[in-house]
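Remarks on the structure that follows.
The values are calculated or read from the model by the stated rules, or taken from the named source; none is laboratory data. Treat the numbers as computed from the prediction; the structure is a model and nothing was measured. Neighbour counts are summed over all protein chains in view; Cβ atoms, including those assigned to glycine, are modelled from backbone coordinates with ideal geometry. What goes into the accessible areas is simple: the full protein's heavy atoms, side chains included, and nothing from ligands, DNA or RNA. Shrake-Rupley method; radii C 1.70, N 1.55, O 1.52, S 1.80 Å.
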Amino acid sequence: MARLDALMRATPFAPEDVLLVSERYPSARGTRRLRQVLRLVDGGAASPKETWLRLLLIDAGLPMPTTQIPVVEGYSALAMLDMGWPEFGVAAEYDGDQHRSDRRQFVKDHWRMRKLAEIGWIVIRVIAEDRPADVIDRVRRALLARGWRPGGTAVVALAG
């Protein structure tokens with residue numbers, strides 16, 4: 001999945017076109033699995049860990065997140081969030097080690113998170129050491145707090 005996401009990010013393609021090619025080679029190794037996962041391909045995933053996080057949340061029954069969400073304040077770009085649900089003001093971001101080890105990145109992230117909170121976003125930051133069940137729980141609680149209802153209609157309560 002991460003390879004398909006990366007391919008779509010580098011060279012956008014229509015999943016329907018890939019299905020057409022796979023139909024020409026029905027006995028090729030992996031075509032059955034390809035047909036199953038193609039609907040989940042998202043060129044917005046900027047890393048294999050973002051793909052992992054997105055699939056974790058989808059597999060947990062959460063709504064399909066939008067990827068690479070631009071957040072603008074006034075006339076300036078404030079952030080490009082990895083994934084989330086803009087209608088609820090909830091985002092999930094995977095922070096690799098550079099977010100901790102690079103001081104400039106750390107300071108930028110700190111300022112950015114403070115500004116996002118000020119304008120009403122809940123940003124769930126995920127690191128490698130997080131347990132998947134905890135990540136799912138944190139995201140689920142944030143979405144529920146903002147009005148998402150599993151299998152039902154939402155009462156949107158976006159602050160800011």
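Under the condition of being touching a residue at least 40 places away in the same chain (Cβ under 8 Å) and in a helix (DSSP H, G or I), the residues counted in region 35-58 number 9. Does Pro48 fit the bill of being at pLDDT 90 or above and open to solvent by 40 Å² or more (accessible area, probe 1.4 Å)? The answer is yes for Pro48. Consider region 25-38 and keep the residues that are touching a helix residue (DSSP H, G or I) at 6+ places or on another chain (Cβ under 7 Å) and of a type outside the set (A, V, I, L, M). The one that is surrounded by the most Cβ atoms within 10 Å (Cβ to Cβ) is Thr31.
Can you tell which of Gly96, Gly160, Gly61 is open to solvent by 40 Å² or more (accessible area, probe 1.4 Å), farther than 23 Å from Pro12 by Cα, at pLDDT below 95 and in a loop (DSSP other than H, G, I, E, B)? Sole residue among the options that is open to solvent by 40 Å² or more (accessible area, probe 1.4 Å), farther than 23 Å from Pro12 by Cα, at pLDDT below 95 and in a loop (DSSP other than H, G, I, E, B): Gly160. One residue stands out in region 101-152 among those that are of a type in the set (Val, Ile, Thr) and within 17 Å of the chain's Cα centre (by Cα): the one that is surrounded by the most Cβ atoms within 10 Å (Cβ to Cβ), namely Val139.
Being out of contact with any Pro (no Cβ under 7 Å at 6 or more places or on another chain), over 22 Å from Trp148 (Cβ atoms), open to solvent by less than 50 Å² (accessible area, probe 1.4 Å) and hydroxyl-bearing (Ser, Thr, Tyr) is a description that applies to Ser22.
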